[in-house]
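The values are calculated or read from the model by the stated rules, or taken from the named source; none is laboratory data. The structure presented is a predicted model; accordingly, all values stated were derived computationally and were not measured. Don't worry about glycine lacking a Cβ; one is built from the backbone with ideal geometry, like all the others, and counts go over all protein chains shown. Side chains included, ligands, DNA and RNA excluded: accessible areas come from the protein's heavy atoms. Shrake-Rupley method; radii C 1.70, N 1.55, O 1.52, S 1.80 Å.
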Amino acid sequence: MNEKQKDIAQKALCEWLSERDEMDGKPPKKIDFAFALKDDQNGDLIFFVFKFKKSALGKYLIGIAGGFPDEESTDCTAVFSGFDEFPSDKDEAVELAFKMIDFILQFNARERIQAVFEKNLKYISQSEVDVEKIARQFVKTETRFFLTVGTVDVPSGKVVVADPLCYMYGDHVIAPVLKRGIPKGSYPAEVSICRHNYIGIRMCTARLKIKDTRAVRYELAESEEETAAFKASDGVMHGFPVDAGMMCFIDANGAKNYAEFLEKWHKENAGKNHYDDYFAAFFAESFEKLPAYQREGGDFIEWTNPDSGGRMVQISSGFGDGFYRSFWGFDESGEVCELIVPMVDPDLYD
């Protein structure tokens, strides 16, 4: 047992307790070390278990502190007490201590995820993109992957990036047509993917590759004013809202064909939902083919409009709903080589 770690843990627990309402702002009247534990279910973290009293005549209560990853660490990351009475039976005390460890580790994980989620909101709202950050997402590592998930037909030379399930059909269409045109053709759609213990598998950056060259700079993709998501007296807000956890790349005329398809589908399937009762089957098939790169139920599809024959790609939008922006990538010759949608910053997790 590392005596220095035990002293650090005891001090951390005393400070934590003195800030709790149950202690009326006072440190424990008495605190004694009970035993140490190594949690082999969570990376062999080292914890110290203590029994303490709120008052001199009070009962002993149980508290834990630690989370040391090894014998040399001095970083006490987990402290907790539920103010339960310290069990007289050693086995019961150990069992209770492990329950407390599980609780505080899960709580800390949620806190970390929330903090990182808030940072990610800033990431997706930025108007400038770090070229190297995007490039790193398309290099395979232990936690990062990337795939070509389909082909997008762009016969009009104009691209729409939007939420295909919520905002491309009906009375509230928000499907911005990007102002810049590209050569008419068909282009591969790629997605960078990260996989971490706390957030699972997430789609990070969607990318439409227009040329097989490397982007050296990015520029915010502006929307045509008449189709922009939001307009104000001082200009247009470029980007697109997501309210169904999905984004897509589609041709501008293809977007109109897509809306017509959905309108016809709903007339023929009154009372049904076009995701649950139609698209979900395509996503489930995608998951069956590539289960290692997406969450159960599927995160991406290439879909061909059975009426027009045009192909589009739908991709899960990072953490789901929000407001996302697109960026044109330019190569060394100054030509557009790609269109990207940053959705999750994997650097926040690594």
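For the stretch 244-257, name all the residues that are over 29 Å from the mean Cα position of the chain (by Cα) and part of a loop (DSSP other than H, G, I, E, B).
Scanning the stretch 244-257 gives no hits.
When you check residue 273 against the structure, is it farther than 28 Å from residue 178 by Cα, of a type outside the set (A, V, I, L, M, F, W, C), open to solvent by less than 40 Å² (accessible area, probe 1.4 Å) and free of Cβ contacts under 8 Å to residues at least 12 places away in the same chain, yes or no?
Values: farther than 28 Å from residue 178 by Cα: yes; of a type outside the set (A, V, I, L, M, F, W, C): yes; open to solvent by less than 40 Å² (accessible area, probe 1.4 Å): no; free of Cβ contacts under 8 Å to residues at least 12 places away in the same chain: yes.
Spelling it out, it is not the case that residue 273 is farther than 28 Å from residue 178 by Cα, of a type outside the set (A, V, I, L, M, F, W, C), open to solvent by less than 40 Å² (accessible area, probe 1.4 Å) and free of Cβ contacts under 8 Å to residues at least 12 places away in the same chain.
Take the residues of the stretch 295-323 that are under 14 Å from the mean Cα position of the chain (by Cα) and modelled with pLDDT of 95 or more: which is nearest to residue 258 (Cα to Cα)?
Restricting to residues being under 14 Å from the mean Cα position of the chain (by Cα) and modelled with pLDDT of 95 or more, the top hit is 315.
Which residues, taken from the stretch 1-34, are part of a helix (DSSP H, G or I) and small (Gly, Ala, Ser)? Break it down into steps so the answer makes sense when it comes.
Our first condition is that a residue be part of a helix (DSSP H, G or I); within the stretch 1-34, this holds for 3-18, 21-23.
If the condition is that a residue be part of a helix (DSSP H, G or I) and small (Gly, Ala, Ser), then 9, 12, 18 are the ones that fit.
Looking at 99, 133, 140, which one is assigned to a helix (DSSP H, G or I) and open to solvent by 80 Å² or more (accessible area, probe 1.4 Å)?
Details: 133 fails: open to solvent by 80 Å² or more (accessible area, probe 1.4 Å); 140 fails: assigned to a helix (DSSP H, G or I).
Answer to the selection: 99.
When you scan the stretch 184-198, do you find a residue that is among the hydroxyl-bearing types (Ser, Thr, Tyr) and under 13 Å from residue 343 (Cβ atoms), even just one?
The initial filter retains those residues of the stretch 184-198 that are among the hydroxyl-bearing types (Ser, Thr, Tyr), namely 186-187, 192, 198.
Remaining after also requiring under 13 Å from residue 343 (Cβ atoms): 192.
Yes, because at least one residue in the stretch 184-198 is among the hydroxyl-bearing types (Ser, Thr, Tyr) and under 13 Å from residue 343 (Cβ atoms).
For (1) in a loop (DSSP other than H, G, I, E, B); (2) under 35 Å from the mean Cα position of the chain (by Cα); (3) surrounded by 21 or more Cβ atoms within 10 Å (Cβ to Cβ); (4) in contact (Cβ under 8 Å) with a residue 40 or more places away in the chain, each residue gets a yes or a no:
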residue	(1), (2), (3), (4)
58	yes, no, no, no
63	no, yes, yes, yes
66	no, yes, yes, yes
70	yes, yes, no, no
74	yes, yes, no, yes
82	yes, yes, no, no
87	yes, no, no, no
93	no, no, no, yes
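Out of 338, 260, 288, I need the residue that is outside any loop (DSSP other than H, G, I, E, B), acidic (Asp, Glu) and surrounded by 15 or more Cβ atoms within 10 Å (Cβ to Cβ). Which one? Spell out how you get there, then give the answer.
Numbers: 260 fails: surrounded by 15 or more Cβ atoms within 10 Å (Cβ to Cβ); 288 fails: surrounded by 15 or more Cβ atoms within 10 Å (Cβ to Cβ).
The unique qualifying residue is 338.
For the stretch 1-55, how many residues are touching a Pro at 6+ places or on another chain (Cβ under 9 Å), open to solvent by 80 Å² or more (accessible area, probe 1.4 Å) and of a type in the set (Lys, Arg)?
Here is the first cut: in the stretch 1-55, the ones touching a Pro at 6+ places or on another chain (Cβ under 9 Å) are 13-15, 17-18, 43-46, 50, 52-54.
Adding the requirement that they be open to solvent by 80 Å² or more (accessible area, probe 1.4 Å) leaves 15, 54.
Okay, now just the ones that are also of a type in the set (Lys, Arg), so 54.
Number satisfying all stated conditions: 1.
Which residue pairs have Cβ atoms under 7 Å apart, sit 6 or more places apart or on different chains, and have a first residue in the stretch 220-239 that is closer than 23 Å to residue 130 by Cα and open to solvent by 30 Å² or more (accessible area, probe 1.4 Å) and a second that is aromatic (Phe, Trp, Tyr) and not in a loop (DSSP other than H, G, I, E, B)?
Close Cβ pairs satisfying both conditions: 220/327; 237/230.
Taking the stated definitions as given, is residue 318 outside any helix (DSSP H, G or I), touching a residue at least 60 places away in the same chain (Cβ under 8 Å) and touching a helix residue (DSSP H, G or I) at 6+ places or on another chain (Cβ under 8 Å)? Working first, answer last.
Details: outside any helix (DSSP H, G or I): yes; touching a residue at least 60 places away in the same chain (Cβ under 8 Å): yes; touching a helix residue (DSSP H, G or I) at 6+ places or on another chain (Cβ under 8 Å): yes.
So residue 318 passes the test.
For the stretch 199-247, give me each residue that is of a type in the set (D, E, K, R) and closer than 30 Å to residue 297 by Cβ.
202, 207, 209, 243
Given (1) within 22 Å of residue 156 (Cβ to Cβ); (2) touching a residue at least 24 places away in the same chain (Cβ under 8 Å), identify the lone condition not met by residue 245.
(1)
Any residue at all in the stretch 146-158 that is modelled with pLDDT under 95 and either on the phi < 0 side of the Ramachandran plot or part of a loop (DSSP other than H, G, I, E, B) (or both)? Quick ask: steps written out before the conclusion?
From the stretch 146-158, those modelled with pLDDT under 95 are none; that's our starting set.
Checked against the condition, which is being modelled with pLDDT under 95 and either on the phi < 0 side of the Ramachandran plot or part of a loop (DSSP other than H, G, I, E, B) (or both), the stretch 146-158 yields no hits at all.
Taking only pairs six or more apart or across chains, which ones have beta-carbon atoms under 8 Å, a first residue in the stretch 8-33 that is within 14 Å of residue 62 (Cβ to Cβ), and a second residue that is open to solvent by 50 Å² or more (accessible area, probe 1.4 Å) and part of a helix (DSSP H, G or I)?
Within 8 Å, the pairs are 31/10; 33/10.
Sort through 177, 131, 139 and tell me the only one that's at pLDDT 90 or above and within 25 Å of residue 243 (Cβ to Cβ). So that I can check it myself, show each step before the final result.
Numbers: 131 fails: within 25 Å of residue 243 (Cβ to Cβ); 139 fails: within 25 Å of residue 243 (Cβ to Cβ).
One residue alone meets the criteria, 177.
Can you go through 113, 124 and tell me which one is under 30 Å from residue 345 (Cβ atoms), at pLDDT 90 or above and of a type in the set (A, V, I, L, M, F, W, C)?
Numbers: 113 fails: at pLDDT 90 or above.
When all the criteria are applied, what remains is 124.
What do you reckon, is residue 265 assigned to a strand (DSSP E or B), closer than 21 Å to residue 166 by Cβ and open to solvent by less than 40 Å² (accessible area, probe 1.4 Å)? First the steps, then the outcome.
Values: assigned to a strand (DSSP E or B): no; closer than 21 Å to residue 166 by Cβ: yes; open to solvent by less than 40 Å² (accessible area, probe 1.4 Å): yes.
Taking the combined requirement at face value, the residue does not satisfy it.
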